[in-house]
1. As a check on your grasp of the helix formula, calculate [θ] at 222 nm for the chain: sum -39500 (n - 2.57) over DSSP H runs of n ≥ 4, divide by the residue count, round to the nearest 500.
2. With both partners inside segment 1-40, how many of the DSSP beta bridges are antiparallel, as a percent to the nearest 5?
3. Could you please state, rounded to a whole Å, how far the C-alpha centre of segment 56-95 is from the C-alpha centre of segment 1-34?
4. Just check segment 44-95 against the gyration tensor rule for me: Cα atoms, a ≥ b ≥ c as the square roots of the eigenvalues, rounded for a/c under 1.5, and otherwise prolate or oblate depending on whether a/b exceeds b/c.
5. Scan (i) 1.07; (ii) 1.28; (iii) 1.73 for the value of Cα Rg over 2.2 N^0.38 Å calculated from this model and give just the label.
6. Under 8 Å for C-alpha pairs, at least 6 residues apart: give me the relative contact order for the chain, rounded to a whole percent.
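Derivation of every value follows stated rules applied to the coordinates shown; laboratory data play no part. These numbers come from a predicted model, not from an experiment.
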């Protein structure tokens with residue numbers, strides 16, 4: 001996977017687009033840090049591509065929540081503790 005600086009995109013956009021055609025994906029960087037993923041799409045399947053990126057982000061968020069849950073010890077909760085939490089949330093929503 002290639003990395004391209006924002007500066008190169010600003011100064012030489014044609015070269016970046018040519019590289020994107022060849023590589024299909026480019027990481028855009030600012031001050032040496034990754035800030036965006038440029039990915040090649042076309043008119044026929046851009047909606048599928050956007051949906052796939054959104055699914056990937058949702059999966060990453062879920063995995064992070066699961067890790068945080070393990071760190072917090074939530075995996076050791078009993079069924080009764082879980083039911084108590086659910087009821088507390090439901091009571092809070094009813095207000």
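1. Values: 4 runs with 59 residues, N = 95.
For the chain, the value works out to -20500 deg cm²/dmol.
2. 60 percent
3. 40 Å
4. The shape class here is oblate.
5. After the calculation, the listed value that fits is (iii).
6. Reported relative contact order: 18 percent.
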